[in-house]
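Have a look at the structure below before the remarks.
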Amino acid sequence: DFEQENFLENFAQGNMRYRIAADEFDDDVEMYREESRSITEQRLAFTPAQAVALRDFLFWNARPENAFYRYDYYLANCSTRVRD
């Protein structure tokens with residue numbers, strides 16, 4: 001969020017506070033198209049129970065009280081939040 005207080009200073013120091021957000025898939029695809037970027041949908045071979053567990057975890061993670069986290073390039077980023 002570029003509007004965060006001291007954004008540039010925090011960025012330069014590696015002290016970033018990131019936020020997970022949930023968007024509609026079609027909206028993300030449209031944004032990528034508008035920006036002439038590619039996007040690939042990967043279907044995962046989850047059981048129904050695994051899919052529900054992941055969905056519930058993502059909803060929990062996107063709650064305001066859970067959405068912010070200290071960013072780390074290797075250990076805590078947008079990919080690791082979902083993977084972990």
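Find the relative contact order for the chain and round it to a whole percent, using C-alpha pairs within less than 8 Å whose residues are 6+ positions apart. Relative CO of the chain lands at 43 percent. Segment ALA49..ASP23, full-extension length gain: 7.1 nm, with 0.36 nm per residue of separation and the alpha-carbon distance subtracted. In the distance distribution for the chain, Cα-Cα pairs more than 18 Å apart total 59 percent.
With all protein chains in place and a 1.4 Å probe, the accessible surface of the chain carries 52 percent carbon and sulfur. Against the chain, whose longest principal axis is taken from its Cα atoms, helix 48-61 shows a tilt of about 20°.
Take segment 7-82 with all the other protein chains still there, run a 1.4 Å probe, and you get 85 Å² of accessible area per residue.
The values are calculated or read from the model by the stated rules, or taken from the named source; none is laboratory data. Remember, it's a predicted structure, so these values are computed and weren't measured experimentally. Only protein heavy atoms, including side chains, enter the accessible area calculation; ligands, DNA and RNA are left aside. Shrake-Rupley method; radii C 1.70, N 1.55, O 1.52, S 1.80 Å.
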